[in-house]
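Trainee: Dropping a structure here in structure tokens format, bear with me for questions.
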Amino acid sequence: MSNLSSQAATPQLGHTISVASILNKMVTPRRVDASETERAILARATFMHVLHKGHRLAVWRWGTEGPLVLLVHGWDSRASHLGAFVEPLLAAGYRVLAFDGPGQGDSEGVRSNVVDLGQAILDVVEATGPVSAAIGHSMGSAALLYAFAHGLETRATVHIAGPSSLRGVLIRTAAMLELNMEQGRELISLMEGETGLPVDDMELSALAQGLRHPALILHDPEDREIPFGESERLNTAWAQATLHPMPGLGHRRIISAVPAIDLSLELIARHVPAHTQNSSM
């Protein structure tokens, strides 16, 4: 859910635009092109489409042997932004699965939200087969929490700079836009209409049944997009989680930083041993 607040603020303060317009901006991701390096990574994968709510999602798979690791990107992003994880995972003996979320990258659609992305995860995994581990960045982390609570099973996951409360995201947005209490309640109500769920269904207390496997949480304490406190709350709610602060890496640099990648692979290897080595792209 990163950048949702700043994206909603584009036209100025909340009183000058309708709350519906704010919500519309919060659920309309901006498409981002892949870089030349990212396109080269995608070109070495097997490509397919998976249908999600009548729209085709772009899906990539790398490797032919070993446990399958799912990568889930965040808001205003795309699968290739997590491309730095692909080669290290393959070299360690894993297969890799990634997709562009609804309305993002090369996938179809226009609007999306954290619940929609969580449902897309379930559709992708149903189409491609079970995953042994997952790595989620920003809203991708929160979407994984939804998926865990709705049937996704994994043996280990990594959560990078993700929000742990949809209500918290909406409250921060309302505060930044200087919305009054009535407008804040309207924003929450409109988001509930968009997701089809009460906002409290995306609170950790409601998602706790899915937090039953080992997890690593990585976050820069000075992250300017998602407060570090979100990961602290997730860590407190998750008995088998470990929070590892990653100072100086920001919200986006962290997903290509060698220390973050190394820690992620260590966690996955500890709980999901690979049976093959040196899988190729």
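The values are calculated or read from the model by the stated rules, or taken from the named source; none is laboratory data. Here the structure is a predicted model, which means the values were calculated and not measured. In this analysis, Cβ positions are derived from the backbone assuming ideal geometry, glycine residues included, and neighbour counts consider all displayed protein chains.
Trainee: Could you please find all residues in the stretch 132-156 being in contact (Cβ under 8 Å) with a residue 60 or more places away in the chain and of a type in the set (Gly, Ala, Ser)?
Mentor: If the condition is that a residue be in contact (Cβ under 8 Å) with a residue 60 or more places away in the chain and of a type in the set (Gly, Ala, Ser), then Ser132, Ala133, Ala134, Gly136, Ser138, Gly140, Ser141, Ala142, Ala143, Ala147, Ala149, Ala156 are the ones that fit.
Trainee: Can you confirm whether Ala215 is under 19 Å from the mean Cα position of the chain (by Cα) and under 18 Å from Leu71 (Cα atoms)? First the steps, then the outcome.
Mentor: Details: under 19 Å from the mean Cα position of the chain (by Cα): yes; under 18 Å from Leu71 (Cα atoms): yes.
Taking the combined requirement at face value, the residue satisfies it.
Trainee: Continuing with the same structure: Does at least one position in the stretch 116-123 carry a residue that is more than 23 Å from Ser205 (Cα to Cα) and at pLDDT 95 or above? Lay out the reasoning, then the answer.
Mentor: From the stretch 116-123, those more than 23 Å from Ser205 (Cα to Cα) are 123; that's our starting set.
Subset that is at pLDDT 95 or above: 123.
Checked the stretch 116-123: at least one residue is more than 23 Å from Ser205 (Cα to Cα) and at pLDDT 95 or above.
Trainee: In this structure, does Trp60 turn out to be surrounded by 23 or more Cβ atoms within 10 Å (Cβ to Cβ), out of contact with any strand residue (DSSP E or B) (no Cβ under 8 Å at 6 or more places or on another chain) and not polar (S, T, N, Q)?
Mentor: Working: surrounded by 23 or more Cβ atoms within 10 Å (Cβ to Cβ): yes; out of contact with any strand residue (DSSP E or B) (no Cβ under 8 Å at 6 or more places or on another chain): no; not polar (S, T, N, Q): yes.
It is false that Trp60 is surrounded by 23 or more Cβ atoms within 10 Å (Cβ to Cβ), out of contact with any strand residue (DSSP E or B) (no Cβ under 8 Å at 6 or more places or on another chain) and not polar (S, T, N, Q).
Trainee: I'm trying to understand the selection: among the residues of the stretch 75-96, which are of a type in the set (A, V, I, L, M) and either without any contact (Cβ under 8 Å) to a residue 12 or more places away in the chain or over 15 Å from Met139 (Cα atoms) (or both)?
Mentor: Step one: list which residues in the stretch 75-96 are of a type in the set (A, V, I, L, M), which gives 79, 82, 84, 86, 89-92, 96.
Selection gives Ala84, Val86, Leu89, Leu90, Ala91, Ala92, Val96.
Trainee: Considering only residues that are assigned to a helix (DSSP H, G or I) and either of a type in the set (S, T, N, Q) or surrounded by fewer than 18 Cβ atoms within 10 Å (Cβ to Cβ) (or both), which ones fall in the stretch 152-171? Lay out the reasoning, then the answer.
Mentor: Narrowing the stretch 152-171 to residues assigned to a helix (DSSP H, G or I): 166-171.
Hits for the stretch 152-171 are Arg167, Ile171.
Trainee: I would also like to ask the following. Consider Gly136 carefully, then state whether it is surrounded by 24 or more Cβ atoms within 10 Å (Cβ to Cβ), closer than 27 Å to Ala206 by Cα and either out of contact with any Lys or Arg (no Cβ under 6 Å at 6 or more places or on another chain) or not charged (D, E, K, R) (or both). Steps first, answer last, please.
Mentor: Numbers: surrounded by 24 or more Cβ atoms within 10 Å (Cβ to Cβ): yes; closer than 27 Å to Ala206 by Cα: yes; either out of contact with any Lys or Arg (no Cβ under 6 Å at 6 or more places or on another chain) or not charged (D, E, K, R) (or both): yes.
When the stated conditions are applied, Gly136 passes them.
Trainee: Something else about it: For the stretch 22-45, give me each residue that is in a loop (DSSP other than H, G, I, E, B), over 19 Å from the mean Cα position of the chain (by Cα) and not basic (Lys, Arg). If you could, list the steps in order and put the result at the bottom.
Mentor: Within the stretch 22-45, the first condition is being in a loop (DSSP other than H, G, I, E, B), and the residues that meet it are 27-35, 44-45.
In the following step, the residues that additionally are over 19 Å from the mean Cα position of the chain (by Cα) were identified as 35, 44-45.
Residues satisfying the conditions are Ser35, Ala45.
Trainee: Further question on the same structure: Among the residues of the stretch 102-130 satisfying the criterion of being outside any helix (DSSP H, G or I) and touching a Ser or Thr at 6+ places or on another chain (Cβ under 6 Å), which is farthest from Thr154 (Cα to Cα)? Working first, answer last.
Mentor: Applying the first criterion (outside any helix (DSSP H, G or I)) to the stretch 102-130 yields 102-113, 129-130.
Right, trim to touching a Ser or Thr at 6+ places or on another chain (Cβ under 6 Å) and you get 102-103, 111, 113.
Numbers: Pro102: 22, Gly103: 26, Arg111: 28, Asn113: 23 Å.
Selected residue: Arg111.
Trainee: Show the residue pairs that are 6+ apart or on different chains and have beta-carbon atoms under 6 Å apart, the first residue being within the stretch 211-228 and without any contact (Cβ under 8 Å) to a residue 24 or more places away in the chain, the second being surrounded by 22 or more Cβ atoms within 10 Å (Cβ to Cβ) and not hydrophobic (A, V, I, L, M, F, W, C).
Mentor: Once the first residue is without any contact (Cβ under 8 Å) to a residue 24 or more places away in the chain and sits in the stretch 211-228, its partners that are surrounded by 22 or more Cβ atoms within 10 Å (Cβ to Cβ) and not hydrophobic (A, V, I, L, M, F, W, C) give Phe228/His219.
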